[in-house]
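These notes are about the structure you will find just below.
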Amino acid sequence: MIDVDRLTKRYGRFIALDSISFRADSGEIVGFLGPNGAGKTTTMRVLTGYMPPTEGTARIAGFDVLTDSLAVRERVGYLPETVRLYREMTVRGYLKFMGQLRGVDRLGARLDEVLDLVGLRERARRLVSSLSKGMQQRLGLAQAILHDPPVLILDEPTIGLDPHQVQELRALIRELGRTRTVLLSTHILTEAEQICDRVIIIDRGRIVAEDTPANLREGLARSSRLYVRVGVARDDVAGLLASVPGVTGVGPAADGFLLTSAPQAGDVRPAVASAIVGQGWPLLELRPWATTLEEIFLELTARLDAPVSDDGEARHA
Amino acid sequence: MHSVRVVARRELAQYFTSPIAYLVAFAVLVLTGWQFNVDLAQRVGSQPPDGAAVLGSFAFFTLFFAPLLTMRLLAEEAREGTLELLLTAPVRDGDIVLGKFLGAWLYYTLILGLTLVYQAIWLAITTARAYALTPELDLGPVITAYLGIWLFGGATLALGLLFSALTENQVIAGFLTMSVLFILWLGDYAGSVVQSRALAQAIRELSLQAHYATSFLVGVIRFEDAVFFIGVITAALFVATRVLESRRWR
């Protein structure tokens with residue numbers, strides 16, 4: 001349904017998207033993950049026909065976003081990052097306007113249906129400006145699904161919602177994703193884990209990883225990381241752990257150490273355990289370090305140039 | 001064409017939800033009413049009634065209020081960010097521009113329609129009371145004047161829409177529109193400041209007033225004047241569409 005091939009977008013000399021390619025099929029929910037400014041919104045804006053790509057092609061349902069823009073726009077429902085709606089219109093009036101623009105059949109019945117779906121039925125006659133941010137977000141979503149599009153592009157759909165609504169919306173997206181293609185961006189990793197069939201991690205305009213959330217986790221877990229807690233506070237503990245064959249790195253973690261080992265070294269736990277016990281130190285804890293998507297994300301999008309960068313955000317990452 | 005109608009209808013409805021539109025209608029009625037009253041007092045019993053007199057000042061007022069009607073059309077959408085959803089709807093950019101223009105022009109037509117009350121008063125006075133010195137209202141010039149002011153208004157609104165497309169700042173859009181309209185209005189007086197007769201004539205041909213005050217307003221329909229206004233509208237809408245399209249490439 002979504003077919004992106006070597007898509008590049010430059011703003012002047014700044015490269016927002018650097019030759020990215022990916023596919024998303026029908027019935028698939030694909031999560032776009034990345035730090036701010038990674039190119040998520042730019043990709044979505046290209047896919048929705050809001051802005052043209054500099055190079056490369058993007059097709060939706062076989063239609064090119066550049067040459068068949070109108071056909072693409074008919075088939076896409078779009079929830080922008082900051083949902084901006086006509087504040088002086090009523091909820092229903094706004095939806096009616098969007099429905100008319102899109103030429104939705106049996107609009108009246110469809111409006112009721114969608115308003116029910118997003119839980120804004122009883123606010124239908126209120127002005128958009130009187131809605132809370134979460135409700136405006138839901139109205140934005142209502143607008144996106146109004147014409148029953150085969151492709152949904154949602155830019156950070158759960159932002160500004162309370163935890164209750166977040167759960168509801170995630171369930172709704174999963175439901176919608178059963179028969180449609182959903183591309184959603186987020187930087188909430190648990191969200192990606194919960195609802196996405198596949199995750200694309202993007203950083204500085206490039207795709208750095210693409211897999212199912214489970215595979216991504218496993219992939220990193222394979223380079224097995226171990227959490228070790230030793231009952232003595234001595235400076236030479238780290239040195240000893242580093243000297244165990246197969247261990248490639250030792251770092252501090254919580255009250256203990258985090259060991260990384262080369263995948264080909266196999267299970268290093270017996271060696272680590274005997275090394276510690278051999279010194280006569282109490283071994284309090286030795287367990288595999290569960291990798292979260294968060295860590296994968298941080299690892300993949302690590303700013304190698306962070307210390308020299310003058311961007312405050314990069315240093316935090 | 002369907003989407004043009006949808007956009008136009010929303011814009012027209014929008015005028016009725018904003019105070020500016022009511023204030024404009026109010027101001028226009030007060031000003032033309034006052035002007036009509038003065039004109040009426042002077043004429044009754046001494047001069048034949050002139051239904052188009054009130055439209056002479058309406059054209060001048062248009063220079064002030066047309067920018068107020070058009071300044072928000074695209075600038076507000078760009079500033080508020082609502083343009084993103086409009087531009088990702090399956091609607092051609094040209095349809096958006098045309099729809100917005102027609103919405104504004106329709107509202108202008110309604111305000112213009114309010115001034116028909118003065119024609120009704122003229123008709124009532126001249127037919128019911130039948131002053132010996134006051135012949136009946138000559139409807140010919142009235143009709144051409146209305147046609148002219150309608151086209152005149154369309155041209156000013158199209159220019160206003162163009163400036164609204166050029167900036168995200170409503171005040172700048174309104175100010176630029178008003179400035180340009182004034183220059184186009186004053187172009188009529190080029191003869192008094194430009195020495196070259198040919199140049200003065202050329203400038204005058206481009207002025208808004210020259211195509212209205214000396215033709216439509218006095219009962220003459222000149223083909224070239226209609227072409228001028230329609231040409232201004234077409235050109236302004238065309239450029240506005242290009243400007244809107246160029247937003248995508250920025």
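The values are calculated or read from the model by the stated rules, or taken from the named source; none is laboratory data. Keep in mind that this is a model prediction, so the values were computed, not measured. Cβ atoms come from the backbone with ideal geometry, glycine included; neighbour counts cover every protein chain shown. Note: areas computed on protein heavy atoms with side chains; ligands, DNA, RNA excluded. Shrake-Rupley method; radii C 1.70, N 1.55, O 1.52, S 1.80 Å.
For the range B:216-250, list whatever residues lose no less than 40 Å² of accessible surface once every protein chain is in place, relative to that chain by itself, with the probe at 1.4 Å.
Buried by 40 Å² or more upon assembly, which counts only protein chains, are B:R248, B:W249.
When the accessible area of the protein assembly as shown is split by element with a 1.4 Å probe, what percent falls to carbon and sulfur?
Working: 15220 of 25910 Å².
Carbon with sulfur: 59 percent of the solvent-accessible area.
Hey, rough spin-label estimate for B:I230 and A:A124, points 7 angstrom out along Cα→Cβ, what's it come to in nanometres?
4.4 nm
With solvent modelled as a 1.4 Å probe, how much accessible area in total do chains B and A shield from it at their shared surface, in Å² to the nearest 100?
Numbers: alone 12580 and 15840 Å², together 25910 Å².
Summing both chains' loss of accessible area gives about 2500 Å².
Could you please report the charge total around B:G148, scoring K, R as +1 and D, E as -1 over all other residues with beta-carbon less than 10 angstrom from its beta-carbon?
Net of charged neighbours comes to 0.
What's the angle, to the nearest 10 degrees (0 to 90), between helix B:197-206's Cα axis and the longest principal axis of chain B?
Value to nearest ten degrees: 70.
Give, ordered by residue number, each residue of the range A:48-72 whose 1.4 Å probe accessible area is reduced by a minimum of 20 Å² on adding the remaining protein chains to the chain alone.
Relative to the lone chain, where solvent access is computed with a 1.4 Å probe, the range A:48-72 loses at least 20 Å² at A:Y50, A:P52, A:L70.
So what is the calculated 222 nm ellipticity per residue for the protein assembly as shown, using -39500 (n - 2.57) for each DSSP H run with n of 4 or more, over all residues, to the nearest 500 deg cm²/dmol?
On the way: 23 runs with 297 residues, N = 567.
After summing the helix terms and dividing by residue count, I get -16500 deg cm²/dmol.
Can you spot the lysines whose alpha carbon is less than 29 Å from A:K9's alpha carbon? Ignore those fewer than 8 places along the same chain.
A:K40
In Å², what does the accessible area per residue of chain B work out to with a 1.4 Å probe?
Working: 11290 Å² over 250 residues.
For chain B, the solvent-accessible area averages 45 Å² per residue.
What does the charge add up to near B:T32, with Lys and Arg as +1, Asp and Glu as -1, over the other residues with Cβ less than 15 Å from its Cβ? Intermediate values should be presented prior to the final figure.
Details: positive: none; negative: B:D39, B:D50.
Result for the neighbourhood of B:T32: -2.
What does the structure give for B:88-95 when I average, per residue, the other chain Cβ atoms found within 10 Å of the residue Cβ?
Working: counts 16, 13, 13, 5, 2, 1, 0, 1.
So the per-residue partner count for this stretch is 6.
Between B:A25 and B:R247, take the C-beta separation as r, use R0 = 41 Å, and let me know the FRET efficiency to the nearest 0.05. Could you put the intermediate results ahead of the total?
Details: r = 32 Å, r/R0 = 0.77.
Approximately 0.85, to the nearest 0.05.
Order A:H147, B:H2 by their accessible area, 1.4 angstrom probe, all chains in place, largest first.
Values: A:H147 30, B:H2 85 Å².
Sorted by accessible area, descending: B:H2, A:H147.
Which whole-Hz ³J(HN,Hα) couplings does the range B:104-116 yield from phi under the Karplus relation 6.51 cos²θ - 1.76 cosθ + 1.60, θ = phi - 60°, glycine and proline marked x?
Residue by residue, the range B:104-116 yields 5, 5, 5, 5, 4, 4, 5, 4, 4, x, 4, 6, 4 Hz.
By its C-alpha gyration tensor, with a ≥ b ≥ c as the square roots of the eigenvalues, how is the range B:116-216 shaped: rounded for a/c under 1.5, else prolate for a/b larger than b/c, else oblate?
Working: a/c = 3.51, a/b = 1.64, b/c = 2.14.
Oblate, because a/c is 1.5 or more while a/b does not exceed b/c.
Give the lysines whose C-alpha is closer than 18 Å to that of B:K100, dropping any in the same chain fewer than 8 places away, or say none.
Within the straight-line cut-off, B:K100 pairs with A:K96.
What shape does the range A:18-122 have by the C-alpha gyration tensor, where a ≥ b ≥ c are the square roots of the eigenvalues, rounded means a/c under 1.5, and otherwise prolate means a/b greater than b/c and oblate the rest?
Details: a/c = 2.04, a/b = 1.73, b/c = 1.18.
Verdict is prolate for the range A:18-122.
Might you tell me the accessible area per residue for chain A, computed with a 1.4 Å probe and given in Å²? Mind dumping the intermediate values first?
Working: 14620 Å² over 317 residues.
Value for chain A: 46 Å² per residue.
Can you give the net charge of the other residues whose Cβ lies under 12 Å from the Cβ of A:R23, counting K and R as +1 and D and E as -1? Walk me through the numbers on the way to the answer.
Numbers: positive: A:R59, A:R198; negative: A:D3, A:D5, A:D25, A:E28, A:E210.
Surrounding charge for A:R23 is -3.
In degrees from 0 to 90, rounded to the nearest 10, what is the angle of the helix B:2-17 Cα long axis to the longest principal axis of chain B?
Tilt of helix B:2-17: around 70 degrees.
In square nanometres and to one decimal, what's the mean projected area of the convex hull around the Cα atoms of chain A?
20.0 nm²
Would you mind checking the range A:102-138 for residues with the amide N under 17 Å from a putative spin-label position 7 Å along Cα→C-beta of A:R87?
Under 17 Å, as judged by backbone N against the label point of A:R87, lie A:126-137 of the range A:102-138.
Through the Karplus equation 6.51 cos²θ - 1.76 cosθ + 1.60, θ set to phi - 60°, convert the phi angles of the range B:147-157 into ³J(HN,Hα) values in whole Hz; use x for Gly and Pro.
Along the range B:147-157, the couplings run 4, x, 5, 5, 5, 4, x, x, 5, 5, 5 Hz.
Could you tell me which of rounded, prolate or oblate describes the protein assembly as shown, using a ≥ b ≥ c as the square roots of the eigenvalues of the alpha-carbon gyration tensor, with rounded for a/c under 1.5 and, failing that, prolate when a/b is larger than b/c and oblate otherwise? Don't jump to the answer; show the numbers that get you there.
Details: a/c = 3.48, a/b = 2.85, b/c = 1.22.
Judged from the Cα gyration tensor, the protein assembly as shown comes out prolate (a/c at least 1.5, a/b above b/c).
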